[in-house]
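The values are calculated or read from the model by the stated rules, or taken from the named source; none is laboratory data. All values reported here derive from a predicted model rather than from experimental measurement. So basically every Cβ, Gly included, is an ideal-geometry build from the backbone, and we count neighbours across all protein chains shown. Side chains are part of the model used for accessible areas, which takes the heavy atoms of the whole protein and leaves out ligands, DNA and RNA. Shrake-Rupley method; radii C 1.70, N 1.55, O 1.52, S 1.80 Å.
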Amino acid sequence: MSKRPLHEDYPEHFHTYVKLVPDGAINDILVEQQKITEELINTITDTQANSRYAPGKWSLKEVFGHIIDTERIMSYRLLRIARGDQTPLAGFEENSYVNHAHYDQRSMSDLLEEYKSVRHASITLVNGLAEEAWDRRGIVNENPMTACALAYVLTGHALHHLNIMKERYLA
């Protein structure tokens with residue numbers, strides 16, 4: 001699926017993520033992004049993984065865990081909307097998720113395995129969607145969104161945080 005979401009397909013606060021996604025088939029972009037993510041994560045030392053670029057900021061492990069959690073949630077939302085479920089979907093509190101996940105107690109290799117599982121599920125979901133599913137709309141955190149937009153938000157969110165990892169933690 002190479003169609004990009006229209007601006008009215010998602011709330012304004014997601015534009016930052018959507019605009020980061022390059023042109024092309026979203027399933028191919030997801031696969032390529034997984035390769036790049038795995039390569040990056042495999043270069044991170046234990047010291048770097050536990051580092052924070054400033055007091056009160058998440059550790060690099062927590063940022064990676066946040067990417068995983070958010071992908072899982074966005075993929076679930078994508079599934080629900082693509083399947084025509086019109087039940088409004090609630091938002092989530094990202095800090096609460098990170099605070100209760102204890103990512104700093106896990107190894108990066110363990111987190112990478114979880115990431116690969118979640119990403120594989122996202123890719124197979126996207127690959128299996130019928131053409132008409134991409135334009136289906138639902139309500140997410142009191143905002144209308146299409147399935148297409150959710151695929152782009154999921155992808156762009158990961159890109160956003162991978163850039164932060166490179167710029168603030170690994171520079």
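Would a scan of region 52-62 turn up a residue that is of a type outside the set (A, V, I, L, M, F, W, C), in a helix (DSSP H, G or I) and out of contact with any helix residue (DSSP H, G or I) (no Cβ under 6 Å at 6 or more places or on another chain)? No, there is no match, as no residue in region 52-62 is of a type outside the set (A, V, I, L, M, F, W, C), in a helix (DSSP H, G or I) and out of contact with any helix residue (DSSP H, G or I) (no Cβ under 6 Å at 6 or more places or on another chain). The set of residues in region 110-142 being in contact (Cβ under 8 Å) with a residue 40 or more places away in the chain and of a type in the set (Ser, Thr, Tyr) consists of Tyr115, Ser122.
Go through region 50-74 and give me each residue that's of a type in the set (Gly, Ala, Ser), modelled with pLDDT of 95 or more and surrounded by fewer than 21 Cβ atoms within 10 Å (Cβ to Cβ).
Looking only at region 50-74, we keep the residues that are of a type in the set (Gly, Ala, Ser), and these are 51, 54, 56, 59, 65.
Next, from what is left, pick out any that are modelled with pLDDT of 95 or more: 59, 65.
Correct list: Ser59 only.
Close contacts from region 33-57, counting a first residue that is closer than 13 Å to Asp104 by Cα and of a type in the set (S, T, N, Q) and a second that is open to solvent by less than 50 Å² (accessible area, probe 1.4 Å) and outside any helix (DSSP H, G or I), with Cβ to Cβ under 6 Å and a gap of 6+ residues or different chains, come to Asn50/Ser59.
Scanning for something of a type in the set (Phe, Trp, Tyr), in a helix (DSSP H, G or I) and open to solvent by 60 Å² or more (accessible area, probe 1.4 Å), does region 109-117 turn up at least one residue? Looking for residues that are of a type in the set (Phe, Trp, Tyr), in a helix (DSSP H, G or I) and open to solvent by 60 Å² or more (accessible area, probe 1.4 Å), one finds none in region 109-117, hence no. Apart from one condition, Tyr103 fits all of (1) touching a residue at least 60 places away in the same chain (Cβ under 8 Å); (2) surrounded by 16 or more Cβ atoms within 10 Å (Cβ to Cβ); (3) more than 15 Å from Met74 (Cβ to Cβ); (4) not β-branched (Val, Ile, Thr); the exception is (1).
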